[in-house]
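J.: Before anything else, here's the structure in question.
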Amino acid sequence: MKSILKIQTLLFFSLLSISFVYAQGGKEYYYTDASVFPIYGKAIENTSATYERLPASLEGVIRQPVWDLAHHSAGISVRFRSDSPSIKLRWVSFGLHTMNHMTDTGTRGLDLYTKDPVDGHWRFARSARPQKDTLNDLTVISGMEPVMREYIVYFSLYEGVKKLEIGVEEGSVIDQPALDSPRKGSPIVMYGTSILQGGCANRPGMAFTNIISRELDREVVNLGFSGNARLDYEIAELMAAVKDPSLFVLDNVPNCEASLIDERQEKFFRIIRDAHPDVPVVFIENPNYPHAVFDKVAAADITARNASMRAVYEKLKKAGEKKIYYIKGDKMLGLDGEATVDGVHFTDLGMVRYTEYVLPTIKKALRKK
(Lines give C-alpha, C1' and ligand atoms only; values in the text may rest on other atoms or scores of the structure.)
Protein backbone atom coordinates (compact mmCIF):
# COMPACT_ATOMS: atom_id res chain seq x y z
CA MET A 1 0.00 0.00 0.00
CA LYS A 2 2.81 2.39 0.91
CA SER A 3 4.54 1.76 -2.44
CA ILE A 4 1.31 2.54 -4.32
CA LEU A 5 0.89 5.81 -2.41
CA LYS A 6 4.52 6.70 -3.13
CA ILE A 7 4.03 6.12 -6.87
CA GLN A 8 0.84 8.20 -6.84
CA THR A 9 2.62 11.03 -5.01
CA LEU A 10 5.52 11.03 -7.47
CA LEU A 11 3.11 11.05 -10.39
CA PHE A 12 1.17 13.96 -8.88
CA PHE A 13 4.27 16.14 -8.47
CA SER A 14 5.51 15.20 -11.95
CA LEU A 15 2.24 16.39 -13.43
CA LEU A 16 2.56 19.66 -11.53
CA SER A 17 5.69 20.50 -13.54
CA ILE A 18 3.81 20.42 -16.86
CA SER A 19 0.84 22.74 -17.11
CA PHE A 20 -2.17 22.67 -19.42
CA VAL A 21 -2.03 23.21 -23.18
CA TYR A 22 -2.32 26.84 -24.19
CA ALA A 23 -3.42 27.88 -27.69
CA GLN A 24 -2.24 31.09 -29.35
CA GLY A 25 -2.35 32.12 -33.00
CA GLY A 26 -3.49 28.65 -34.03
CA LYS A 27 -0.57 27.01 -32.20
CA GLU A 28 -0.76 25.00 -29.02
CA TYR A 29 1.92 25.35 -26.36
CA TYR A 30 2.90 23.09 -23.50
CA TYR A 31 4.41 24.74 -20.42
CA THR A 32 7.01 23.17 -18.13
CA ASP A 33 7.98 24.57 -14.76
CA ALA A 34 11.58 25.78 -15.08
CA SER A 35 12.50 24.52 -11.62
CA VAL A 36 12.79 20.96 -13.01
CA PHE A 37 15.86 22.09 -14.99
CA PRO A 38 19.36 22.91 -13.67
CA ILE A 39 19.46 26.23 -11.80
CA TYR A 40 22.71 28.19 -11.88
CA GLY A 41 24.12 31.04 -9.82
CA LYS A 42 23.02 30.17 -6.28
CA ALA A 43 25.57 30.13 -3.46
CA ILE A 44 23.69 27.25 -1.80
CA GLU A 45 20.70 25.21 -2.89
CA ASN A 46 18.64 25.69 0.26
CA THR A 47 17.51 29.30 -0.22
CA SER A 48 14.36 30.97 1.12
CA ALA A 49 12.63 30.45 -2.25
CA THR A 50 13.65 28.72 -5.49
CA TYR A 51 15.06 31.76 -7.28
CA GLU A 52 16.34 33.74 -4.29
CA ARG A 53 19.89 34.19 -3.03
CA LEU A 54 19.94 33.76 0.77
CA PRO A 55 18.90 30.88 3.05
CA ALA A 56 15.73 31.27 5.13
CA SER A 57 17.88 30.97 8.26
CA LEU A 58 19.20 34.51 7.69
CA GLU A 59 15.77 36.17 7.89
CA GLY A 60 15.77 38.37 10.96
CA VAL A 61 19.50 37.81 11.38
CA ILE A 62 21.07 39.75 8.52
CA ARG A 63 20.31 43.45 8.02
CA GLN A 64 16.85 43.96 6.53
CA PRO A 65 18.03 45.79 3.36
CA VAL A 66 20.31 42.87 2.50
CA TRP A 67 17.51 40.39 3.12
CA ASP A 68 15.16 42.37 0.88
CA LEU A 69 17.72 42.56 -1.92
CA ALA A 70 18.31 38.81 -1.69
CA HIS A 71 14.82 38.33 -3.18
CA HIS A 72 16.18 39.81 -6.42
CA SER A 73 17.16 37.02 -8.81
CA ALA A 74 20.39 38.64 -10.04
CA GLY A 75 22.82 36.14 -11.51
CA ILE A 76 20.40 33.22 -11.39
CA SER A 77 19.72 31.31 -14.60
CA VAL A 78 18.09 28.11 -15.86
CA ARG A 79 19.32 25.70 -18.56
CA PHE A 80 17.27 23.50 -20.90
CA ARG A 81 17.15 22.31 -24.50
CA SER A 82 14.34 22.13 -27.06
CA ASP A 83 13.61 21.71 -30.75
CA SER A 84 10.56 23.99 -30.64
CA PRO A 85 10.29 26.57 -33.48
CA SER A 86 9.24 29.11 -30.85
CA ILE A 87 9.91 29.62 -27.15
CA LYS A 88 7.48 31.24 -24.74
CA LEU A 89 8.28 32.36 -21.20
CA ARG A 90 5.63 32.83 -18.56
CA TRP A 91 6.83 34.23 -15.27
CA VAL A 92 5.60 35.91 -12.10
CA SER A 93 7.64 38.69 -10.48
CA PHE A 94 7.51 39.61 -6.82
CA GLY A 95 6.68 43.20 -7.72
CA LEU A 96 6.86 46.01 -10.26
CA HIS A 97 10.22 47.46 -9.26
CA THR A 98 11.37 50.25 -11.55
CA MET A 99 14.22 52.79 -11.53
CA ASN A 100 14.82 56.03 -13.41
CA HIS A 101 18.28 55.01 -14.64
CA MET A 102 17.72 51.39 -15.71
CA THR A 103 15.45 49.71 -18.22
CA ASP A 104 12.50 47.59 -17.09
CA THR A 105 13.97 44.79 -19.20
CA GLY A 106 17.04 44.87 -16.97
CA THR A 107 15.20 45.20 -13.68
CA ARG A 108 12.24 42.83 -14.27
CA GLY A 109 12.80 41.11 -17.63
CA LEU A 110 14.45 37.89 -18.74
CA ASP A 111 17.05 37.08 -21.40
CA LEU A 112 17.15 34.03 -23.65
CA TYR A 113 20.48 32.78 -25.01
CA THR A 114 21.23 29.77 -27.19
CA LYS A 115 24.42 27.85 -27.87
CA ASP A 116 25.88 28.54 -31.30
CA PRO A 117 26.42 25.11 -32.93
CA VAL A 118 29.30 26.42 -35.05
CA ASP A 119 31.60 28.27 -32.64
CA GLY A 120 30.18 26.89 -29.38
CA HIS A 121 29.61 30.34 -27.89
CA TRP A 122 26.47 31.45 -26.11
CA ARG A 123 24.54 33.83 -28.37
CA PHE A 124 21.79 36.26 -27.41
CA ALA A 125 18.45 35.19 -28.90
CA ARG A 126 16.02 37.77 -27.56
CA SER A 127 14.73 39.44 -24.39
CA ALA A 128 11.43 38.87 -22.63
CA ARG A 129 10.31 42.42 -21.95
CA PRO A 130 8.10 42.71 -18.86
CA GLN A 131 4.54 43.99 -19.03
CA LYS A 132 2.72 46.27 -16.60
CA ASP A 133 1.84 43.40 -14.31
CA THR A 134 3.65 40.84 -12.18
CA LEU A 135 2.38 38.06 -14.49
CA ASN A 136 4.03 37.96 -17.91
CA ASP A 137 3.41 35.53 -20.78
CA LEU A 138 5.41 36.28 -23.91
CA THR A 139 6.59 34.61 -27.09
CA VAL A 140 10.28 35.43 -26.86
CA ILE A 141 11.34 34.08 -30.25
CA SER A 142 9.61 32.26 -33.12
CA GLY A 143 10.11 31.19 -36.73
CA MET A 144 13.10 28.99 -35.96
CA GLU A 145 14.05 25.76 -37.64
CA PRO A 146 12.82 22.81 -35.52
CA VAL A 147 16.26 21.58 -34.48
CA MET A 148 17.45 20.79 -30.97
CA ARG A 149 19.14 23.78 -29.31
CA GLU A 150 20.67 24.40 -25.90
CA TYR A 151 19.17 27.40 -24.05
CA ILE A 152 19.86 29.51 -20.99
CA VAL A 153 17.41 31.95 -19.39
CA TYR A 154 18.95 34.79 -17.33
CA PHE A 155 16.71 36.11 -14.57
CA SER A 156 15.76 39.65 -13.55
CA LEU A 157 18.47 41.79 -11.93
CA TYR A 158 16.45 44.11 -9.68
CA GLU A 159 13.32 42.09 -9.01
CA GLY A 160 12.61 38.58 -7.88
CA VAL A 161 11.12 35.81 -10.00
CA LYS A 162 8.55 33.78 -8.07
CA LYS A 163 7.81 31.29 -10.83
CA LEU A 164 8.92 30.62 -14.40
CA GLU A 165 7.37 28.31 -16.97
CA ILE A 166 8.82 27.57 -20.42
CA GLY A 167 6.41 27.07 -23.30
CA VAL A 168 7.13 25.02 -26.42
CA GLU A 169 4.93 24.18 -29.40
CA GLU A 170 2.86 21.02 -29.42
CA GLY A 171 4.87 18.08 -30.72
CA SER A 172 8.19 19.67 -29.72
CA VAL A 173 10.64 18.33 -27.18
CA ILE A 174 11.79 20.15 -24.06
CA ASP A 175 14.40 18.33 -22.02
CA GLN A 176 17.36 18.55 -19.69
CA PRO A 177 20.48 20.14 -21.21
CA ALA A 178 22.82 17.74 -22.97
CA LEU A 179 25.89 19.95 -22.39
CA ASP A 180 27.47 20.97 -19.08
CA SER A 181 27.79 24.60 -20.14
CA PRO A 182 28.44 26.84 -18.35
CA ARG A 183 30.24 24.23 -16.29
CA LYS A 184 28.18 23.73 -13.14
CA GLY A 185 29.89 23.40 -9.80
CA SER A 186 33.16 24.88 -8.54
CA PRO A 187 31.75 28.40 -9.10
CA ILE A 188 33.34 31.81 -9.04
CA VAL A 189 31.71 33.67 -6.13
CA MET A 190 31.54 37.45 -6.53
CA TYR A 191 30.55 39.88 -3.74
CA GLY A 192 29.80 43.52 -4.35
CA THR A 193 27.50 46.46 -4.82
CA SER A 194 24.64 47.60 -7.08
CA ILE A 195 27.05 47.49 -10.00
CA LEU A 196 27.83 43.84 -9.39
CA GLN A 197 24.13 43.11 -8.87
CA GLY A 198 23.65 44.37 -12.42
CA GLY A 199 23.09 48.13 -12.32
CA CYS A 200 22.51 49.38 -14.86
CA ALA A 201 22.65 46.74 -17.61
CA ASN A 202 19.96 47.09 -20.28
CA ARG A 203 19.09 43.42 -19.94
CA PRO A 204 20.05 40.56 -17.59
CA GLY A 205 22.53 38.85 -19.90
CA MET A 206 24.69 41.99 -19.90
CA ALA A 207 25.40 42.02 -16.16
CA PHE A 208 29.15 41.45 -15.97
CA THR A 209 28.79 38.37 -13.74
CA ASN A 210 26.78 36.78 -16.56
CA ILE A 211 29.26 37.95 -19.21
CA ILE A 212 32.13 36.47 -17.20
CA SER A 213 30.21 33.21 -16.87
CA ARG A 214 29.86 32.98 -20.66
CA GLU A 215 33.44 34.02 -21.32
CA LEU A 216 34.85 31.38 -18.98
CA ASP A 217 32.05 28.84 -19.56
CA ARG A 218 31.82 28.52 -15.78
CA GLU A 219 29.14 29.09 -13.15
CA VAL A 220 29.32 32.47 -11.39
CA VAL A 221 27.46 33.36 -8.19
CA ASN A 222 26.24 36.97 -7.97
CA LEU A 223 26.20 38.27 -4.39
CA GLY A 224 25.70 41.90 -5.33
CA PHE A 225 23.55 43.91 -2.92
CA SER A 226 22.64 47.37 -4.11
CA GLY A 227 24.02 49.99 -1.70
CA ASN A 228 24.62 47.29 0.90
CA ALA A 229 27.92 45.56 0.22
CA ARG A 230 29.03 46.70 3.67
CA LEU A 231 31.01 43.66 4.70
CA ASP A 232 28.26 41.89 6.65
CA TYR A 233 29.92 38.88 8.20
CA GLU A 234 26.84 36.75 7.51
CA ILE A 235 27.60 37.11 3.79
CA ALA A 236 31.20 36.05 4.37
CA GLU A 237 29.88 32.97 6.18
CA LEU A 238 27.54 32.23 3.27
CA MET A 239 30.47 32.50 0.85
CA ALA A 240 32.48 30.21 3.11
CA ALA A 241 29.63 27.67 2.91
CA VAL A 242 29.82 27.43 -0.90
CA LYS A 243 30.74 23.92 -1.96
CA ASP A 244 34.03 23.65 -3.85
CA PRO A 245 34.43 27.31 -4.95
CA SER A 246 37.08 28.04 -7.56
CA LEU A 247 37.56 31.75 -6.80
CA PHE A 248 36.27 34.55 -4.57
CA VAL A 249 36.04 38.14 -5.81
CA LEU A 250 35.61 41.00 -3.31
CA ASP A 251 34.31 44.14 -5.07
CA ASN A 252 32.71 45.96 -2.17
CA VAL A 253 34.69 49.22 -2.02
CA PRO A 254 32.01 51.46 -3.64
CA ASN A 255 29.69 50.76 -0.68
CA CYS A 256 32.34 51.05 2.04
CA GLU A 257 33.88 54.20 3.41
CA ALA A 258 37.57 53.90 4.28
CA SER A 259 36.89 53.49 8.01
CA LEU A 260 34.57 50.52 7.39
CA ILE A 261 37.20 48.82 5.21
CA ASP A 262 39.76 49.39 7.96
CA GLU A 263 37.39 47.88 10.51
CA ARG A 264 35.86 44.88 8.70
CA GLN A 265 37.65 43.92 5.46
CA GLU A 266 40.32 41.69 6.98
CA LYS A 267 37.90 39.76 9.18
CA PHE A 268 35.53 39.32 6.22
CA PHE A 269 38.45 37.83 4.27
CA ARG A 270 39.50 35.63 7.20
CA ILE A 271 36.07 34.01 7.44
CA ILE A 272 36.38 32.96 3.80
CA ARG A 273 40.03 32.02 3.99
CA ASP A 274 39.65 29.85 7.10
CA ALA A 275 37.02 27.78 5.27
CA HIS A 276 38.92 27.62 1.97
CA PRO A 277 42.66 28.06 2.56
CA ASP A 278 43.62 27.16 -1.02
CA VAL A 279 41.01 29.13 -2.97
CA PRO A 280 42.27 32.34 -4.61
CA VAL A 281 40.75 35.67 -3.58
CA VAL A 282 40.69 38.79 -5.77
CA PHE A 283 40.38 42.28 -4.25
CA ILE A 284 39.04 45.02 -6.54
CA GLU A 285 39.26 48.78 -6.07
CA ASN A 286 36.58 51.40 -6.58
CA PRO A 287 36.52 52.46 -10.25
CA ASN A 288 37.54 55.99 -11.10
CA TYR A 289 34.10 57.46 -11.75
CA PRO A 290 33.87 59.95 -14.64
CA HIS A 291 32.53 62.75 -12.47
CA ALA A 292 35.47 62.41 -10.07
CA VAL A 293 37.60 64.17 -12.70
CA PHE A 294 35.68 67.32 -11.79
CA ASP A 295 34.37 66.59 -8.29
CA LYS A 296 37.44 66.80 -6.10
CA VAL A 297 35.58 65.74 -2.96
CA ALA A 298 34.47 62.54 -4.69
CA ALA A 299 37.99 61.99 -6.02
CA ALA A 300 39.49 62.30 -2.54
CA ASP A 301 36.91 59.87 -1.14
CA ILE A 302 37.66 57.27 -3.82
CA THR A 303 41.40 57.65 -3.18
CA ALA A 304 40.89 57.09 0.56
CA ARG A 305 38.70 54.02 0.07
CA ASN A 306 41.15 52.45 -2.37
CA ALA A 307 44.08 53.21 -0.07
CA SER A 308 42.33 51.34 2.74
CA MET A 309 41.64 48.35 0.51
CA ARG A 310 45.23 48.33 -0.68
CA ALA A 311 46.49 48.51 2.91
CA VAL A 312 44.48 45.41 3.86
CA TYR A 313 45.83 43.55 0.84
CA GLU A 314 49.43 44.53 1.61
CA LYS A 315 49.01 43.51 5.26
CA LEU A 316 47.79 40.10 4.18
CA LYS A 317 50.69 39.69 1.76
CA LYS A 318 53.19 40.55 4.50
CA ALA A 319 51.49 38.03 6.78
CA GLY A 320 52.30 35.34 4.22
CA GLU A 321 48.93 34.98 2.49
CA LYS A 322 49.22 33.26 -0.88
CA LYS A 323 46.80 33.22 -3.79
CA ILE A 324 45.49 36.73 -3.25
CA TYR A 325 45.27 39.22 -6.12
CA TYR A 326 44.61 42.91 -6.46
CA ILE A 327 42.98 44.88 -9.28
CA LYS A 328 43.32 48.66 -9.39
CA GLY A 329 40.32 50.69 -10.48
CA ASP A 330 41.84 53.73 -12.18
CA LYS A 331 41.53 52.43 -15.77
CA MET A 332 38.69 49.96 -15.31
CA LEU A 333 36.14 51.95 -17.33
CA GLY A 334 38.47 53.44 -19.91
CA LEU A 335 39.49 57.09 -20.06
CA ASP A 336 36.68 58.62 -22.13
CA GLY A 337 34.03 58.83 -19.39
CA GLU A 338 31.44 57.09 -21.56
CA ALA A 339 30.82 53.84 -19.66
CA THR A 340 28.23 54.82 -17.03
CA VAL A 341 24.60 55.90 -17.08
CA ASP A 342 24.88 58.39 -14.21
CA GLY A 343 28.57 58.74 -13.43
CA VAL A 344 28.54 55.62 -11.22
CA HIS A 345 26.46 52.70 -12.53
CA PHE A 346 27.63 50.88 -15.63
CA THR A 347 25.98 50.88 -19.02
CA ASP A 348 26.41 47.77 -21.17
CA LEU A 349 29.64 49.37 -22.40
CA GLY A 350 30.81 49.63 -18.81
CA MET A 351 29.90 46.00 -18.16
CA VAL A 352 31.97 44.88 -21.15
CA ARG A 353 34.93 47.09 -20.21
CA TYR A 354 34.87 45.81 -16.61
CA THR A 355 34.86 42.21 -17.85
CA GLU A 356 37.78 42.79 -20.21
CA TYR A 357 39.69 44.57 -17.45
CA VAL A 358 39.32 41.94 -14.71
CA LEU A 359 39.41 38.74 -16.78
CA PRO A 360 43.20 38.49 -17.11
CA THR A 361 43.59 38.51 -13.31
CA ILE A 362 40.70 36.11 -12.82
CA LYS A 363 42.16 33.69 -15.36
CA LYS A 364 45.55 33.91 -13.68
CA ALA A 365 44.01 33.19 -10.28
CA LEU A 366 42.04 30.23 -11.66
CA ARG A 367 45.21 28.73 -13.08
CA LYS A 368 46.71 28.81 -9.57
CA LYS A 369 43.63 26.99 -8.22
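J.: How long is the gain from LEU96 to GLN176 if the chain were fully straight, where each residue apart is worth 0.36 nm and the alpha carbon distance is subtracted?
T.: In short, 25.7 nm is gained.
J.: Tally Lys/Arg at +1 and Asp/Glu at -1 over every other residue whose Cβ is under 12 Å from the Cβ of CYS256; what's the total?
T.: In short, -4.
J.: Set the Förster radius R0 to 41 Å, insert the Cβ-Cβ distance between HIS291 and MET144 as r into 1/(1 + (r/R0)^6), and round the FRET efficiency to 0.05.
T.: That pair, HIS291 with MET144, gives E of 0.40.
J.: Restrict the search to the stretch 117-172; then list the GluC sites (Glu not before Pro) that DSSP places in a loop and that have at most 10 other Cβ atoms within 10 Å of their Cβ.
T.: Listed in order of number, the matching sites amount to none.
J.: Right, here's the next one. Which of the trypsin sites (Lys or Arg not before Pro) found in the stretch 169-230 are loop residues per DSSP with 12 or fewer other Cβ atoms within 10 Å of their Cβ?
T.: none
J.: What does the charge count around TYR289 come to, taking other residues whose C-beta lies under 15 Å from its C-beta (Lys +1, Arg +1, Asp -1, Glu -1)?
T.: Its environment carries a net charge of -3.
J.: Mind running the shape call on the chain? Use the C-alpha gyration tensor, a ≥ b ≥ c as the square roots of the eigenvalues: rounded below 1.5 for a/c, prolate if a/b tops b/c, oblate otherwise.
T.: The shape class here is prolate.
J.: Separate question: Counting pairs of alpha carbon atoms under 8 Å apart in space and at least six apart in sequence, what relative contact order in percent does the chain give?
T.: It rounds to 16 percent for the chain.
J.: I would also like to ask the following. Check LEU96: other-chain or 5+ apart residues with amide H under 5 Å from its amide H, H built from backbone geometry?
T.: Amide H neighbours of LEU96: none.
J.: In sequence order, what are the phi-derived ³J(HN,Hα) couplings for the stretch 316-326 according to the Karplus relation 6.51 cos²θ - 1.76 cosθ + 1.60 with θ = phi - 60°, rounded to whole Hz, with x for glycine and proline?
T.: Along the stretch 316-326, the couplings run 5, 4, 5, 7, x, 5, 9, 6, 10, 9, 9 Hz.
J.: Counting Lys and Arg as +1 and Asp and Glu as -1, each charge on the Cβ, what is the dipole of the chain about the Cα centre in debye, to the nearest 20?
T.: The dipole magnitude comes to about 920 debye.
J.: Give me the percent of accessible area attributable to carbon and sulfur for the chain, probe 1.4 angstrom.
T.: Percent of accessible area from carbon and sulfur atoms in the chain: 53.
J.: Rounded, prolate or oblate: which one fits the stretch 100-151, using the alpha carbon gyration tensor with axes a ≥ b ≥ c (rounded when a/c is under 1.5, else prolate when a/b beats b/c, else oblate)?
T.: oblate
J.: Give me the accessible area per residue for the chain, probe 1.4 Å, as a whole number in Å².
T.: Spelled out: the 1.4 Å probe surface of the chain, per residue, equals 44 Å².
J.: In whole percent, what relative contact order does the stretch 281-369 give with Cα contacts below 8 Å and a gap of six or more residues?
T.: Value for the stretch 281-369: 37 percent.
J.: Past 29 Å, Cα to Cα: identify those pairs from LYS42/LYS115; LYS88/LYS364; LYS163/LYS267, in the order given.
T.: LYS88/LYS364; LYS163/LYS267, as the Cα separations exceed 29 Å there.
J.: Still on this structure: So for the chain, taking the charge dipole from beta-carbon charges (+1 Lys/Arg, -1 Asp/Glu), which of PHE155, GLN176, SER93 sits furthest toward the positive end?
T.: Farthest along the dipole direction, towards plus: GLN176.
J.: Which of the three applies to the stretch 244-364, rounded, prolate or oblate, going by the alpha-carbon gyration tensor with a ≥ b ≥ c and a/c under 1.5 meaning rounded?
T.: Here the stretch 244-364 falls in the oblate category.
The values are calculated or read from the model by the stated rules, or taken from the named source; none is laboratory data. The model shown is predicted, which means the values in this text are computed figures rather than measured ones. Please note: Cβ atoms are built from the backbone with ideal geometry, for glycine as well, and neighbour counts cover all protein chains shown. To get the accessible areas, we keep the full protein, side chains included, count just its heavy atoms, and leave off ligands, DNA and RNA. Shrake-Rupley method; radii C 1.70, N 1.55, O 1.52, S 1.80 Å.
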